[in-house]
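Student: Questions regarding the structure given below will be posed in turn.
The values are calculated or read from the model by the stated rules, or taken from the named source; none is laboratory data. Every value quoted in this text rests on a predicted model; they were computed, and no experiment measured them. Ligands, DNA and RNA are excluded from the accessible area calculation, which covers all protein heavy atoms including side chains. Shrake-Rupley method; radii C 1.70, N 1.55, O 1.52, S 1.80 Å.
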Amino acid sequence: MQPDKQLPLGDVLRIVAVTVLAAWLILFSIPATMSSEGGLLGAITGSPAGSAQMAVLPAAAPPAAAPAVNPAAALPIPTAEAAKAAAGPTSTPIPTIAPPTPTSANTSTPLPTNTPLPTNTPTNTPIPSNTPTPSPVPPTNTPRPPTATPIPPTPTPVPPPPVSWDGRLAFLRVGIAPANVAPGQQYWRVAKGVFQDWNEGGQGHALAVELIDEGGNRLGLPFGAEIGLVQNGGQTVLAWTKLDQAYPSIFDMYGTLGSYTTWITLGGLPSERVYGMGLVDTDDNGVLTNDVGGKAHCNYLITFQRATK
């Protein structure tokens, strides 16, 4: 809705003048006013009915006393121009106020719907069943594998030192025959062989034997020890003759080179053998030869040692 627009001051004055004039005419000229009410109102309102009445007024005869007493003659009769001037150049139309949209007075407020309350649905709580607890099964006694009895390691035999062998023995073709022995088995081995000529041996002609243990210690005269000796195809057991000195078993030789073989028998152990010994031969200058048949005196010093193969 727009606010009413205020009329200009000129329009207000014109309306007041017209209103005063109309009141005066009504009071002093009731008949004239009654006869011309339609024309005046038509001029003011601009209605077609007023225009028609104004057209009929000239035909009516005015009353006789009207000219002498009509005060309206002294006032200027409003003309069409005056009415137009009084009405203003252009009347501002009053804005039409749209009537409010009728609303139903009896607006029914919807009643709340009765929402049904939730029913208490019983929940069937499952009763726990008595699950049988399985009886613990005793663990199976897995038999342990038998613990192997640790076998002490077989001591690795320390190889004996090499044979100390006089080179002249090899020249005379005196050698060592090996014993028939398995690895790890004890036996008697030849540890040393010494040759002595006429000068070195004091003109002796003996075959002497010595016994030592694994550590090189002299065994002296072991109980049950026997020294075998072969002479010209026969076998002789040597006796222990000089117990207080080295090489306690001594045998005097008279056979030539290649006549004697010797070994040791003790404790049932096998023994290596030294073969090819005997008296030697020399040339006219006394130089040793390896010829067989000579009768030059010499000594053979043989040492046997207990060892493990």
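Student: Can you give the accessible area per residue of region 137-280, in Å², using a 1.4 Å probe?
Tutor: 60
Student: Working only with C-alpha atoms, what are the Rg and Dmax values of region 160-309, expressed in angstrom?
Tutor: Using the Cα atoms of region 160-309, the pair Rg, Dmax is 15.1, 50 Å.
Student: Once the whole set of protein chains is in place, how much accessible area is left on THR256, using a 1.4 Å probe, in Å² to the nearest 10?
Tutor: So the heavy atoms of THR256 present about 40 Å² to solvent.
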